[in-house]
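A short write-up of the structure that comes next.
The values are calculated or read from the model by the stated rules, or taken from the named source; none is laboratory data. Given the structure is predicted, the values throughout are model-derived calculations rather than measurements. As a convention, Cβ positions derive from the backbone with ideal geometry for all residues, glycine included, and neighbour counts pool all protein chains shown. All accessible areas refer to the heavy atoms of the entire protein, side chains included, with ligands and DNA or RNA removed. Shrake-Rupley method; radii C 1.70, N 1.55, O 1.52, S 1.80 Å.
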Amino acid sequence: MSEPTDLALTGLSKHYGEAVAVAGIDLAMPAGAYCCLLGPSGCGKTSTLRMIAGHEQPTAGQVLLGGRDITRLSPAERGTAMMFQSYALFPHLSVLDNVAFSARMKGVAREERLAQARALLDLVAMQPYAQRLPAALSGGQQQRVALARALMTRPRVLLLDEPLSALDPFLRIRMRAELQRWHRELGMTFVHVTHSQEEAMALADLVVVMNHGRIEQAGPPREVFERPRTEFVARFIGAHNVFATPGGRIAVRSDRCTLAAPEENGLAVQVRAVEYQGQQVLVHLVPPGDQPATDEADDEATPPAWVASLPDDLYHRQPLEPGQRLSLRWHEADAHLLVG
Ligand SMILES: Nc1ncnc2c1ncn2[C@@H]1O[C@H](COP(=O)(O)OP(=O)(O)OP(=O)(O)O)[C@@H](O)[C@H]1O
């Protein structure tokens, strides 16, 4: 099951009539990678996943798995398995029969397929529920069964479409740890679609940030966070400020920005709002002269804001008031130039 694979997309694009969902992307995933396709709604991540799965035919380009061109193969022939957003278990079949279903379709003998299904239920800690119907399971349990069912086809690549989005925040964090463990134990390539940068950072070893059908940046999470390549990436992953300078736009992490008295060197700013977050305090800043936030409508009316993220103890030594004028500063070494 853990045979080395290498999934590659070359010039992959998908048009729906006039609309370009995916605009010719190139991507190579090392065997055994945990890859997250990350981006806002409509950026083309689901279309990309569906083309890898074979549920959608590309307008142009290729999907290669282990060097083999699988672009035109049916979903069942290509060595990928998809775990869907809605778990889509058969309601009238027991958990065990749901998992064994694909092997039954292939004509695998009953004892053999049930043994395989039990082993997979064991992996996802669902053996005790083998005889239950899906309706008698929680969302997280249904998801585990859906995973076991996808693994039954012995895929080389597991495709996950927003697998955590239907779960409550507590369960989501628990399932993140489970996904990491399954990935480690199975050693196969996972491709996981998400719009949550937090989820991508927590899980992936390869984060692929997409925007308007293109890849803005692909790299290890730390690299994407520490060196966002474009303004879009810096803003989408958050916790960064973007400044226009004579040499071009630069990004600086908001926890690397400091505040000083207005007469000090730095960018003149004014406090718009202060947001207490426990370990840190976020100080929202606007150019001087802008009105400090007084109600919610104002929030949207003043977009060019920056944030200084200050450690709570530092902030509380010198609390700030909306409207207060300050100087926003950063070290040259913490600034890096954005492309485009
Ligand atoms: N069957 C379709 N027919 C026409 N347009 C489509 C179709 N499927 C997707 N699109 C369009 O293609 C673009 C990319 O869609 P896609 O579902 O890949 O984005 P996404 O990043 O997965 O978004 P979401 O997070 O909302 O699912 C969108 O503008 C969408 O409206």
Among residues of region 33-47, those that are more than 9 Å from the ligand (Cβ to nearest atom) and crowded, with 21+ Cβ neighbours inside 10 Å, counted: 4
How many residues does region 48-96 contain that are open to solvent by 20 Å² or more (accessible area, probe 1.4 Å) and of a type outside the set (Phe, Trp, Tyr)? 28
How many residues are over 14 Å from Val252 (Cβ atoms) and exposed (fewer than 11 other Cβ atoms within 10 Å of the Cβ) when one looks only at region 320-340? 2
Here are some conditions: (1) farther than 30 Å from Arg317 by Cβ; (2) touching a Lys or Arg at 6+ places or on another chain (Cβ under 7 Å); (3) assigned to a strand (DSSP E or B). Arg249 meets all but one. Which one does it not meet? (2)
Of the residues Asn241, Asn265, which single one is open to solvent by less than 50 Å² (accessible area, probe 1.4 Å), among the polar types (S, T, N, Q) and not assigned by TED's automatic domain parsing to the domain that holds Thr46? Asn241
Flagged in region 1-26 as touching a residue at least 12 places away in the same chain (Cβ under 8 Å) and within 15 Å of the ligand (Cβ to nearest atom), in numbering order, are Leu9, Leu12, Ser13, Lys14, His15, Val20, Ala21, Val22, Ala23, Gly24, Ile25
Look at Leu49 and say whether it is under 18 Å from Ala146 (Cβ atoms) and assigned by TED's automatic domain parsing to the domain that holds His212. yes
Expected output for region 305-325 (first residue in the same structural domain as Arg272 (by TED's automatic domain parsing) and within 10 Å of Val274 (Cα to Cα), partner of a type in the set (Ser, Thr, Tyr) and part of a loop (DSSP other than H, G, I, E, B), Cβ below 9 Å, 6+ apart or cross-chain) is Pro322/Thr294
Answer residue from region 170-203, given it is of a type in the set (Ser, Thr, Tyr) and within 16 Å of the ligand (Cβ to nearest atom) and is surrounded by the most Cβ atoms within 10 Å (Cβ to Cβ) among those: Thr194
Flagged in region 20-52 as of a type in the set (A, V, I, L, M), in a loop (DSSP other than H, G, I, E, B) and within 17 Å of the chain's Cα centre (by Cα), in numbering order, are Ala33
Counting only residues in region 157-169 that are away from the ligand (no atom under 16 Å from the Cβ) and in a loop (DSSP other than H, G, I, E, B), the one least open to solvent (accessible area, probe 1.4 Å) is identified as Leu167
Residue identified as in contact with a helix residue (DSSP H, G or I) (Cβ under 6 Å, 6 or more places away or on another chain), at pLDDT 95 or above and either more than 19 Å from Leu206 (Cα to Cα) or not in a loop (DSSP other than H, G, I, E, B) (or both) among Leu96, Leu89: Leu96
